[in-house]
Amino acid sequence: MNPFSLTKDELRDEVDRLRERITHLEERREHILYEMLEWRGIEPGMQCSSCGGSGRRTYSSTATWRGGIGGQACTDDVCDGCWGSGTTVRKGINLRAILSLSSYVSACETVDASGDWKLTGDELRTLRRLLNAQER
Ligand SMILES: [Zn+2]
């Protein structure tokens with residue numbers, strides 16, 4: 001269709017048709033978002049503001065939620081606002097805390113191997129139990 005060949009009334013009809021199409025697509029977009037949230041068990045309005053309920057987000061570097069030095073590329077990874085659950089009502093496991101705790105336990109084990117304890121065996125067992133509880 002060449003819009004320059006239409007009469008004024010035909011143009012008005014075309015504008016009305018396109019407005020109806022836009023309204024239809026906007027309603028469909030809202031419906032699809034609602035269905036996706038429902039599929040994930042997220043009540044509409046309770047989705048994470050960082051990822052919109054997807055559980056993933058794009059970070060501005062390759063460091064993602066891990067922080068530290070990263071490359072110059074946007075990278076998708078688990079959302080650190082909800083830790084993948086899509087809602088802040090019931091967050092997923094805090095991967096940053098797990099990584100930190102895991103590094104700490106590993107460091108303690110290294111110290112243990114050299115015979116220079118900084119933690120007692122009970123403290124180390126408690127840390128391992130906490131780490132195991134977080135990993136489930
Ligand atoms: Zn999120």
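The values are calculated or read from the model by the stated rules, or taken from the named source; none is laboratory data. Just so we're clear, the structure is a prediction, and the values are computed from it rather than from any experiment. Cβ placement follows ideal geometry from the backbone for every residue including glycine, while neighbour counts extend to all protein chains displayed.
Collect the residues in region 62-94 that are assigned to a loop (DSSP other than H, G, I, E, B) and either among the charged types (D, E, K, R) or in contact with a helix residue (DSSP H, G or I) (Cβ under 9 Å, 6 or more places away or on another chain) (or both), keeping them in residue-number order.
GLY67, GLY70, CYS79, ASP80, TRP83, GLY84, GLY86, ARG90, LYS91, ILE93, ASN94
Pull up region 102-136, narrow it to residues that are assigned to a loop (DSSP other than H, G, I, E, B) and among the charged types (D, E, K, R), then point me to the one that is modelled with the lowest pLDDT.
In this case the residue turns out to be ARG136.
Determine which member of the set LEU11, LEU6, LEU99 is aliphatic (A, V, I, L, M), assigned by TED's automatic domain parsing to the domain that holds LEU127 and modelled with pLDDT under 95.
Unique residue meeting the criteria: LEU99.
For residues that are among the basic types (Lys, Arg) and in a helix (DSSP H, G or I), scanning just region 1-55, find the one that is surrounded by the fewest Cβ atoms within 10 Å (Cβ to Cβ).
LYS8
Contact list please: Cβ distance under 7 Å, first residue in region 76-101 and hydroxyl-bearing (Ser, Thr, Tyr), second residue away from the ligand (no atom under 11 Å from the Cβ), pairs at least six apart or on different chains.
Matching pairs, first to second residue: THR87/MET46.
Scan region 52-72 for residues that are more than 16 Å from ILE93 (Cα to Cα) and of a type in the set (A, V, I, L, M, F, W, C) and jot them down.
ALA63, ILE69 - these are the residues of region 52-72 that are more than 16 Å from ILE93 (Cα to Cα) and of a type in the set (A, V, I, L, M, F, W, C).
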